Amino acid sequence: MKAEERRRFLKQSALALGGLALAGTALPGCGTEETKQVAGRLFGPSFKAGHLLRTGIRKVPARTQEVDVVIIGGGVSGLSAARWLQKNSEQRVCLLELEDRTGGNSQSGKNAHSAFPWGAHYLPLPNNSNTQLLRFLEEAKLITGYDAAGLPLYNEYHLCFDPEERLFINGYWQEGLVPNWSVPPADLQQIDRFQALMDEMKQAKGADGRFAFDIPLAHSSSDDQFRQLDQLTMQDWLQKQNLTSTYLSWYVEYCCLDDFGGTLAQTSAWAAIHYFAARRAQAANSDAHRVLTWPQGNHWLAERLREQAGPDLRTGSLVYNLEVADDKIVVDYLDLATDEATRLMAKKCVMATPQFVRERLLAKVPAAPKVNSRIFTYAPWVVANLTLNQVPAGKGIPLSWDNVIYGSSSLGYVNAQHQSVVGFPDKQVITFYYPIPDTSPASRQAVFTRKREDWTELVLQELEKAHPSIREEVEQLDVWVWGHGMIKPTPGFIWGPDREAAAQPIQNKIAFAHSDLSGISIFEEAFYKGIKAAQQILTS
Amino acid sequence: MRINVQVLLLFSVFVVATCGLVYELVAGTLASYLLGDSVTQFSTIIGVYLFSMGIGSYLSRFFNRNLIAWFIQVEVLVAVVGGFSSTLLFLLFDRVASFQMVLYLLVSLTGILVGLEIPLIMRILEDRFEFKELVSKVFTFDYIGALLASVIFPLLLVPHLGLLRTSFFFGLLNAGVALWLCFYFSKEVKWIHFLRISCVASIVALVAGFVLSDRILAFTESLSYADKIIYSVQSPYQKIVLTKNEREFRLFLNGNLQFSSSDEYRYHEALVHPGLNSVKYPKKVLVLGGGDGLAVREILRYPSVEKVVLVDLDQAVTKLFASHEVLKNLNQGALLSKKVQVINTDAFQWLKTSQEQFDFVVIDFPDPANYAIGKLYSNTFYKVLRQAIAPGGAAVIQATSPFVAPNAYWCVVNTLVSCGFTTLPYHAHVPSFGDWGFVLASPDKMLPVNGQFMPQLRFLDQATFEQMRTFPKDMPARQTEVNKLNNQALVRYFEDEWAHYIN
Ligand SMILES: Cc1cc2nc3c(=O)[nH]c(=O)nc-3n(C[C@H](O)[C@H](O)[C@H](O)COP(=O)(O)OP(=O)(O)OC[C@H]3O[C@@H](n4cnc5c(N)ncnc54)[C@H](O)[C@@H]3O)c2cc1C
């Protein structure tokens, strides 16, 4: 052993890092060419459809069909409504979705090496009180049974494999996302204090006996003591608590960006605390903090919903006109493939589209409540999928499911193949997430005008913060831009009057399902809102 | 502005002295790490080096004309010999019969050249200084250079540049001084053209060496292996190296010992026979991992076996063991047997999609040293495994050392139990590994072992197996977590325990 150790030492010292750095700076001519072209494509939600909708379509429908219920929008909320109707009624349901596939923000792609998400990619273990969701997870065989104590057994192919998360901080990949590597003790103390406060909030209940923070959000306590937190920004709340550590602020902001696409200064304290304090899951075969995830992200869930959503799902179908005539709801849509318009006459309608679409479509419905739509604000998101020869190795914890870079304006990347049992894939596929919280007109403009090359460069520069050599590994880099990625829970939005008004069904005929109406854009809310809307329609 | 010629020459003395000492230190460090016994290495190297300098000084008397040109020439030679010395030593370390010879030859050559320099420079300067002043100045700079070298070598050079780059770097300093002198004395010096070209050429070579030194190292596995390497290949998954000494062959994957030909029979007999001997008329056997064909060799001893399926990720390994003379001898051509089907793919993925059932399954994966391999020891994997075992069948799993890594070993056992397997833990002494652990596992309630082993086995018999089933007082069974895909408990135990053992 001794001789071998000596050799190892020697090899290390012969390769000492300083030399590498020196060689790099002293000899510019020897670096790789910076202008290497990266192959890839730019995607986004149907631009053509969006444009058509804005300029207005004046097509006269060539044919008319009768159905019981029309669902507009085939995202998670629309599919969830369809599933519920399918399971609990005899209604003839028709779902209209403008994209070629259902799924909405829970969309995915696939290449020769892996499937990968284009949007939502995980579901945290749901609270055991969320029985409707648990039921669906049973049907999807995500829950395979319950143990003697009644705790769900999750399918272990879908429980996030270990190692789950790592953070690149101070030159090192530490385990977990809460900063600790080389973090000064004073900051660590604040982080502990913050976590203790969140643990308290997790158990806190209001005067009405409900949990202060719950999922679905509608089940949270109405006690003012908690709801008034919605008036503050998270930044103010942290200040008030004397939590000023930059490491802590970074972490809390990371979480706000991850769930809401908003900064500390933009996000309601109630919403931000909800992120930390609303989850109390218990599982028979997992720690409580795991997530459920798939190579294709939440599109896996959306596909399971679709399988139960009934036979009449029409994709590539853009709804451009909605009217209430006598007892009927008139819905006109354009088949984007054939350019033919169809009129549906329905008894009821579920709208599962974001607020800005709904506004347009409801323009001709006089009974629609006037909602201050300016209060619905969105964060654009950029998602990139990279095919790499190999994710460059770094110091510390090896490649994990979620890989975050401290100090990057991105949210890092997810290993799309993490849930594969294959130990050594030929190529690696990672999904990079980048929210754009900046609401300035210039920034919004940039979102729509930037070219693929610009996004590519941005993605690579962010990744280089942890992987200086990543360019050499990239084989393909595709980008998806979500112009209206996520609803932002700005202060006053969640418990203000407008959100509530917008969620009210119109004349018992039109119900609203989109997750915008929760103020928090997560799978559980979209799933819940869909069921809620379906129930409203069935009871009226 | 022309720098004063004396200053320039004294500066070269300083550089020469620093470089000279650095080369000596590099050689000493290398020798003591490669050969051990640093006291001996350092004192012999210093001795040889100083003596060679003496030879150089003596030889300086034979240089009578063109002193500056000769000085430049010697300087270039020092640059090249000194600059490349450590790389050469690295590359040659286990490729030459007598490494010491090469080492001392290089040390002497450097010593002689450095020894030439000071007398030459003193003679160049003799007309420009009074003798008293000359001696004082030259030796002052000489010794200051030596001091500088001996301080920065351990503090800056080794930790930051490493040995190879240190040599190249000082070679470059030597060559740089030579080039400077060329330009300075371009009018006075003979063969100036040739000298300039040789300066530039040596600088180019040294820069290349500096830049490529890590690649050079990557090519030499010589540092990781004690014995002579007779075969080495990098597959997409791992580095495969076969070494040989007088007694044995050893196979390394990514630097980890897989087996030694001198005692692998112990390992493979222990792995295969307790389980396979207990299955009645086994017909179909599955081997996962084990691309070396050594477990297959043991399996083929059973006449009832009609088919062996071997699933190993790495085609480079199975090909090597099917074609290399030495290795084919070792596994008795097992992989070429008509009964054997070799499949190169990921074992988990394969097992998940396979519908076949086997009477016995041998699992010989690498140790769970990383998360990719940790998956192959998870409860999810063992649940899939269960489906692949025919009624009355069993499986055996190599499970790392119960002595060095007891938590890791018992974690494998407990994980199997959690999936409803009946287990029989046992262990064997394999000298090149130490105390090694295996787990026999059956989906049934009972696990009766047939102790009547075939007589031609070299290691295993009934009495030995009785012992193997006993875990002594210092290695009792332990409670551990179950290894799951979502906790990778085993990799954590394994890392923890082996890290302690090695440190
Ligand atoms: C980048 C990104 C990452 C995310 N990550 C996560 C995550 O990890 N976990 C999580 O839980 N949530 C995540 N989310 C939130 C995600 O939005 C929700 O989980 C959920 O998918 C929202 O579903 P929805 O049905 O409410 O809305 P949407 O997905 O927006 O569905 C609306 C649908 O309506 C369709 N539509 C719009 N207009 C028309 C029209 N005129 N005619 C016909 N159809 C129309 C749209 O094409 C779309 O399919 C993420 C969101 C983004 C943008």
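The values are calculated or read from the model by the stated rules, or taken from the named source; none is laboratory data. What you see is a predicted model, and the numbers here were worked out from it, not measured in a lab. Counting neighbours? That spans all protein chains shown, and the Cβs are built from the backbone with ideal geometry, glycine included.
Quick test for you: out of A:Gly103, A:Gly109, A:Gly119, pick the one residue that is in contact (Cβ under 8 Å) with a residue 40 or more places away in the chain and at positive phi.
Working: A:Gly109 fails: at positive phi; A:Gly119 fails: at positive phi.
None of the others qualify; the one that does is A:Gly103.
What's the number of the condition A:Val330 fails, among (1) more than 25 Å from the chain's Cα centre (by Cα); (2) modelled with pLDDT of 95 or more; (3) within 14 Å of the ligand (Cβ to nearest atom)?
In the conditions (1) more than 25 Å from the chain's Cα centre (by Cα); (2) modelled with pLDDT of 95 or more; (3) within 14 Å of the ligand (Cβ to nearest atom), A:Val330 misses (3) alone.
To keep it simple, each residue is scored yes or no on (1) more than 8 Å from the ligand (Cβ to nearest atom); (2) over 20 Å from the mean Cα position of the chain (by Cα); (3) of a type outside the set (D, E, K, R); (4) modelled with pLDDT under 95.
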| site | (1), (2), (3), (4) |
| --- | --- |
| A:Pro468 | yes, yes, yes, yes |
| A:Val479 | yes, no, yes, no |
| A:Pro489 | yes, no, yes, no |
| A:Gly496 | yes, yes, yes, yes |
| A:Gln504 | yes, yes, yes, yes |
| A:Ile510 | yes, yes, yes, no |
| A:Glu524 | no, no, no, no |
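Name the residue, out of B:Thr140, B:Thr166, that is over 30 Å from B:Phe99 (Cα atoms) and either of a type outside the set (Gly, Ala, Ser) or at pLDDT 90 or above (or both). Even if it seems obvious, please write down each step before you answer.
Details: B:Thr166 fails: over 30 Å from B:Phe99 (Cα atoms).
When all the criteria are applied, what remains is B:Thr140.
I'd like the full set of residues that are within 14 Å of another protein chain (Cβ to nearest Cβ) and of a type in the set (A, V, I, L, M), limited to region A:390-426.
From region A:390-426, those within 14 Å of another protein chain (Cβ to nearest Cβ) are A:390-391, A:393, A:396-403, A:415, A:417-426; that's our starting set.
If the condition is that a residue be within 14 Å of another protein chain (Cβ to nearest Cβ) and of a type in the set (A, V, I, L, M), then A:Val391, A:Ala393, A:Ile397, A:Leu399, A:Val421, A:Val422 are the ones that fit.
Hey, among A:Thr315, A:Thr293, which residue is away from chain B (no Cβ under 14 Å) and of a type outside the set (D, E, K, R)? Walk me through how you get there before you give the answer.
Values: A:Thr293 fails: away from chain B (no Cβ under 14 Å).
Being away from chain B (no Cβ under 14 Å) and of a type outside the set (D, E, K, R) holds for just one of A:Thr315, A:Thr293, which is A:Thr315.
Please state which of the following conditions B:Gln332 fails to meet, knowing it meets all the rest: (1) on the phi > 0 side of the Ramachandran plot; (2) crowded, with 20+ Cβ neighbours inside 10 Å.
Single failed check for B:Gln332: (2).
State the number of residues belonging to region B:133-162 that are under 17 Å from B:Val7 (Cα atoms), of a type outside the set (S, T, N, Q) and exposed (fewer than 15 other Cβ atoms within 10 Å of the Cβ).
Let us first name the residues in region B:133-162 that are under 17 Å from B:Val7 (Cα atoms), namely B:133-145.
Among the residues that remain, those that are also of a type outside the set (S, T, N, Q) are: B:133-135, B:137-139, B:141-145.
Imposing the further condition that a residue be exposed (fewer than 15 other Cβ atoms within 10 Å of the Cβ) reduces the set to B:133, B:135, B:139, B:143-144.
Total meeting the criteria: 5.
If only one of B:Leu485, B:Leu457 is farther than 16 Å from B:Pro402 by Cα, away from chain A (no Cβ under 14 Å) and touching a residue at least 40 places away in the same chain (Cβ under 8 Å), which one is it?
Details: B:Leu485 fails: away from chain A (no Cβ under 14 Å).
Going through B:Leu485, B:Leu457 in turn, just one is farther than 16 Å from B:Pro402 by Cα, away from chain A (no Cβ under 14 Å) and touching a residue at least 40 places away in the same chain (Cβ under 8 Å): B:Leu457.
Select from region B:328-358 the residues that are outside any helix (DSSP H, G or I) and closer than 10 Å to B:Val311 by Cα and write down the one among them that is farthest from the other protein chains (Cβ to nearest Cβ). Show your work before the answer.
Initially, region B:328-358 is screened for residues outside any helix (DSSP H, G or I), giving B:331-333, B:337-346, B:354-358.
Narrowing further to those that are closer than 10 Å to B:Val311 by Cα: B:341-346.
Numbers: B:Gln341: 21, B:Val342: 18, B:Ile343: 14, B:Asn344: 12, B:Thr345: 9, B:Asp346: 4 Å.
The residue in question is B:Gln341.
Just a yes or no: is a residue in region B:149-160 within 14 Å of another protein chain (Cβ to nearest Cβ), in contact with a strand residue (DSSP E or B) (Cβ under 8 Å, 6 or more places away or on another chain), over 13 Å from B:Ala17 (Cβ atoms) and in contact (Cβ under 8 Å) with a residue 60 or more places away in the chain?
The answer is no, given that none of the residues of region B:149-160 is within 14 Å of another protein chain (Cβ to nearest Cβ), in contact with a strand residue (DSSP E or B) (Cβ under 8 Å, 6 or more places away or on another chain), over 13 Å from B:Ala17 (Cβ atoms) and in contact (Cβ under 8 Å) with a residue 60 or more places away in the chain.
Give the number of residues within region A:81-132 that are aliphatic (A, V, I, L, M), crowded, with 24+ Cβ neighbours inside 10 Å and within 13 Å of the ligand (Cβ to nearest atom). Explain how you work it out, then say what you get.
So in region A:81-132, the residues aliphatic (A, V, I, L, M) come out as A:81-82, A:85, A:93, A:95-96, A:98, A:112, A:115, A:120, A:123, A:125.
So of that shortlist, the ones also crowded, with 24+ Cβ neighbours inside 10 Å come out as A:81-82, A:85, A:93, A:95-96, A:98, A:120.
Narrowing further to those that are within 13 Å of the ligand (Cβ to nearest atom): A:81-82, A:95-96, A:98, A:120.
Going through region A:81-132 one residue at a time, the tally reaches 6.
Only one of (1) more than 6 Å from the ligand (Cβ to nearest atom); (2) away from chain B (no Cβ under 14 Å) is not met by A:Gly78, so which one is it?
(1)
Taking region B:366-389 as the region of interest, how many residues are more than 8 Å from chain A (Cβ to nearest Cβ) and among the basic types (Lys, Arg)?
So the count comes out to 2.
For region A:184-194, does any single residue satisfy the condition of being over 21 Å from the mean Cα position of the chain (by Cα) and in a loop (DSSP other than H, G, I, E, B)?
Quick first cut of region A:184-194, residues over 21 Å from the mean Cα position of the chain (by Cα) only: A:184-194.
Narrowing further to those that are in a loop (DSSP other than H, G, I, E, B): A:184.
Yes, the conditions are met somewhere in region A:184-194.
Take the conditions more than 14 Å from chain B (Cβ to nearest Cβ), of a type in the set (Val, Ile, Thr) and either away from the ligand (no atom under 16 Å from the Cβ) or over 28 Å from A:Ala302 (Cβ atoms) (or both) and apply them to A:Val474. Does it pass? Explain how you work it out, then say what you get.
Details: more than 14 Å from chain B (Cβ to nearest Cβ): yes; of a type in the set (Val, Ile, Thr): yes; either away from the ligand (no atom under 16 Å from the Cβ) or over 28 Å from A:Ala302 (Cβ atoms) (or both): yes.
So A:Val474 fits the description; yes.
For region B:235-249, enumerate the residues that are at pLDDT below 85, surrounded by fewer than 13 Cβ atoms within 10 Å (Cβ to Cβ) and either more than 12 Å from every other protein chain (Cβ to nearest Cβ) or part of a strand (DSSP E or B) (or both).
Hits for region B:235-249 are B:Asn245, B:Glu246.
For region B:390-425, give me each residue that is of a type in the set (Gly, Ala, Ser) and part of a strand (DSSP E or B).
Of all residues in region B:390-425, those of a type in the set (Gly, Ala, Ser) come to B:390, B:392-395, B:399, B:401, B:405, B:408, B:418, B:420.
Residues satisfying the conditions are B:Ala390, B:Gly392, B:Gly393, B:Ala394, B:Ala395.
Within region A:158-175, count every residue that is within 14 Å of chain B (Cβ to nearest Cβ) and out of contact with any Leu (no Cβ under 6 Å at 6 or more places or on another chain).
So in region A:158-175, the residues within 14 Å of chain B (Cβ to nearest Cβ) come out as A:158-166, A:173, A:175.
When the remaining residues are screened for being out of contact with any Leu (no Cβ under 6 Å at 6 or more places or on another chain), the result is A:159-160, A:162-164, A:166, A:173, A:175.
Residues meeting the conditions: 8.
Test each condition in (1) within 25 Å of A:Pro491 (Cα to Cα); (2) near the ligand (Cβ under 10 Å from one of its atoms) for A:Ser373 and report the one that comes out false.
So the condition that A:Ser373 fails would be (2).
Write out, first by first residue and then by second, each pair whose Cβ atoms fall under 9 Å of each other, whose residues are 6+ apart or on separate chains, and whose first residue, in region A:200-218, is assigned to a loop (DSSP other than H, G, I, E, B) while the second is of a type in the set (Val, Ile, Thr).
Final answer for the pair search is A:Ala212/A:Ile273; A:Phe213/A:Ile273; A:Ile215/A:Ile520; A:Ile215/A:Ile522.
For region A:44-75, give me each residue that is at pLDDT 80 or above and either within 14 Å of chain B (Cβ to nearest Cβ) or more than 12 Å from the ligand (Cβ to nearest atom) (or both).
A:Arg58, A:Lys59, A:Val60, A:Pro61, A:Ala62, A:Arg63, A:Thr64, A:Gln65, A:Glu66, A:Val67, A:Asp68, A:Val69
Which residues, counting only those in region A:144-155, are surrounded by 19 or more Cβ atoms within 10 Å (Cβ to Cβ) and either among the hydroxyl-bearing types (Ser, Thr, Tyr) or within 22 Å of the chain's Cα centre (by Cα) (or both)?
Scanning region A:144-155 gives a single hit, A:Tyr154.
Name the residues in region B:162-204 that are without any contact (Cβ under 8 Å) to a residue 40 or more places away in the chain and not in a helix (DSSP H, G or I), would you?
B:Ser186, B:Lys187
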